[in-house]
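K.L.:
Got a structure for you, written out below as structure tokens; questions coming shortly.
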Amino acid sequence: MNYCSLCGSQVVQRIPPDDDRLRYVCDSCNAIHYQNPKIVAGCIPVWQDKVLLCKRAIEPRYGYWTLPAGFMELGETSQAAALRETFEEANARVEIVNLFAVFNLPHVNQVYLMFNSNLMDLNFSAGAESQEVGLFSRDEIPWEQLAFTTIRYSLEFFFEDQKNNSHRLHTGDIIRNNTGHEFLTGPETRY
């Protein structure tokens, strides 16, 4: 951030009084510009024992597979965002069953909310942000071609729960180490 969105003056980074971290502060109008994590909401669309995946037609991770998910819009609930993203990316209509996973990604200032959902029908197709879409069983998932760590953990937990006939809320922090490797820490699952 270079300029104040209220008055247009240049901003500086400093710790405001009674705060504990650097913020963008305008010296002209004294506005403090808080920055907060972005929420990503998505679905795990299920048909029988298969999951609907989308092959990305946009960056980042062009050509890699993902679950339908994306950033929430202002004035939107997390469930509405998940439904919208599923329709935009896969032209798929789903019914949300429950919240499945919450992953914190502090290195990119994001929080992922993934919902279990059932496909309402098999009328799906690639949306504007997808090259193709398809249903995959556990053995058919292109594990080495998944776009994001959050997607890999969501699918691993989903198929583990399916195998054990359990329904858990999965939580954790996805941390990136200094070599760029991402791994899950924290409680991982809660009942």
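The values are calculated or read from the model by the stated rules, or taken from the named source; none is laboratory data. Note that the structure is predicted; figures quoted are calculated from it, not measured. Positions of Cβ are backbone-derived with ideal geometry, glycine not excepted, and every protein chain shown enters the neighbour counts. The accessibility values were calculated without ligands, DNA or RNA, using every heavy atom of the protein model including side chains. Shrake-Rupley method; radii C 1.70, N 1.55, O 1.52, S 1.80 Å.
K.L.:
Which order do the peptides 86-95, 56-65 take when ranked by the mean count of other beta-carbon atoms within 10 Å per residue, highest first?
P.N.:
Most protected by this proxy first, the peptides run 86-95, 56-65.
K.L.:
Continuing with this model, one more query. No solvent, one uniform scatterer per C-alpha: report log10 I(q)/I(0) for segment 62-104 via the Debye equation at q = 0.22 1/Å, two decimals.
P.N.:
These q points yield log10 I(q)/I(0) values of -0.84.
K.L.:
Order of 8-16, 150-158 by packing, highest average Cβ count within 10 Å first?
P.N.:
The densest-packed peptide leads the list: 150-158, 8-16.
K.L.:
Around Phe159, under 12 Å between beta carbons, what's the net of Lys plus Arg minus Asp minus Glu among the other residues?
P.N.:
-2
K.L.:
Specify which residue in the list Ala41, His107, Val11 is farthest towards the positive end of the charge dipole of segment 1-137, using unit charges on the beta carbon of Lys, Arg (+1) and Asp, Glu (-1), about the Cα centre.
P.N.:
His107
K.L.:
OK, next. Run the Debye formula on the Cα coordinates of segment 117-191, all scatterers equal and no solvent, and tell me log10 I(q)/I(0) at q = 0.23, 0.25 1/Å.
P.N.:
With one equal scatterer per Cα and no solvent, log10 I(q)/I(0) is -1.23, -1.28.
K.L.:
Diagonalise the Cα gyration tensor of segment 1-121 and give the resulting equivalent ellipsoid semi-axes, square root of 5 times each eigenvalue, largest first, whole Å.
P.N.:
38, 14, 13
K.L.:
Order Lys163, Lys55, most accessible first, counting only protein heavy atoms with a 1.4 angstrom probe. Could you put the intermediate results ahead of the total?
P.N.:
On the way: Lys163 160, Lys55 50 Å².
Descending accessible area places them as Lys163, Lys55.
K.L.:
Evaluate the charge dipole of the chain about its Cα centre and quote only its size in Debye, nearest 20, assuming +1 on the Cβ of each Lys and Arg and -1 on the Cβ of each Asp and Glu.
P.N.:
200 debye
K.L.:
Once the Cα gyration tensor of segment 30-93 is found, what semi-axes does its equivalent ellipsoid get, as square roots of 5 times the eigenvalues, in whole Å, sorted largest first? Present the calculation step by step, with values, prior to reporting the outcome.
P.N.:
Values: eigenvalues 148, 45, 16 Å².
The equivalent ellipsoid of segment 30-93 has semi-axes of 27, 15, 9 Å.
K.L.:
Counting each DSSP H run of 4 or more residues in the chain as -39500 (n - 2.57), what helix-only mean residue ellipticity at 222 nm follows after dividing by all residues, to the nearest 500 deg cm²/dmol?
P.N.:
That comes out to -5000 deg cm²/dmol.
K.L.:
Hey, if you put +1 on the Cβ of every Lys and Arg and -1 on every Asp and Glu Cβ in the chain, which of Gln162, Cys29, Ile151 ends up farthest toward the positive end of that dipole?
P.N.:
Projecting each Cα onto the dipole axis, the largest value belongs to Cys29.
K.L.:
Where does segment 64-156 land on Rg/Rh, using Cα atoms and the Kirkwood Rh? Don't skip to the answer; put the middle values down first.
P.N.:
Numbers: Rg = 13.0 Å, Rh = 14.0 Å.
Rg divided by Rh gives 0.93.
K.L.:
Using only Cα atoms and rounding to the nearest 10 degrees, what angle (0 to 90) does helix 78-90 make with the longest principal axis of the chain?
P.N.:
The angle comes out at about 60 degrees.
K.L.:
Just read off the accessible area of Leu113 with the full protein assembly in place, 1.4 Å probe, to the nearest 10 Å².
P.N.:
It works out to around 30 Å².
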